[in-house]
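Colleague: The structure that follows is given in the form of structure tokens.
Read-outs: derived from the displayed coordinates by stated rules, not from any lab. Note that this is a predicted model, so its numbers are computed, not measured. Quick reminder, even Gly has a Cβ in these numbers, built from the backbone with ideal geometry, and neighbours come from all protein chains shown.
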Amino acid sequence: MKGLSNLLRGTGGEYEINRVIGAIGSMAYIIGAHAFVAHDVFWKGETFDVTAYCLAFPSGLGVAVGAIAGAVAIKDRNVAASKVIEKTGAGLRVPADDPDGGKA
């Protein structure tokens with residue numbers, strides 16, 4: 001269980017809202033999709049279409065996981081870049097060198 005908990009933590013070791021909400025949203029999608037299938041099959045009496053299920057469910061889950069992974073990756077990259085800028089001053093606007101060498 002420690003490994004799953006570490007997935008929700010950021011580079012600083014604390015839980016991150018993007019990761020936690022993404023995990024909750026993905027689990028809600030998994031449970032919700034199966035609940036709708038169960039509703040159609042058991043209560044409405046419709047037949048289970050395995051082809052439609054296999055086409056819709058994994059792609060929807062992939063979109064949910066991919067969107068959260070992308071958001072977390074962009075945030076982590078921006079945090080890392082801001083730490084480098086903070087430590088080194090790199091990336092700050094510095095006046096360009098005079099192409100004439102200071103001669104007017």
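Colleague: Which residues' amide hydrogens lie under 5 Å from the amide hydrogen of Asp49, considering only partners 5 or more residues apart or on another chain, with H built in the peptide plane?
Modeller: Answer set, sorted by chain and number: none.
Colleague: Now, a different point. Can you pull out the trypsin sites (Lys or Arg not before Pro) in the range 1-73 whose DSSP state is coil and whose Cβ has at most 13 other Cβ atoms within 10 Å?
Modeller: Passing sites in the range 1-73 are Lys44.
Colleague: Restricting things to Cα coordinates, could you compute the convex hull volume per residue of the range 7-69 in Å³?
Modeller: Hull volume over Cα atoms, normalised by residue count, gives 73 Å³.
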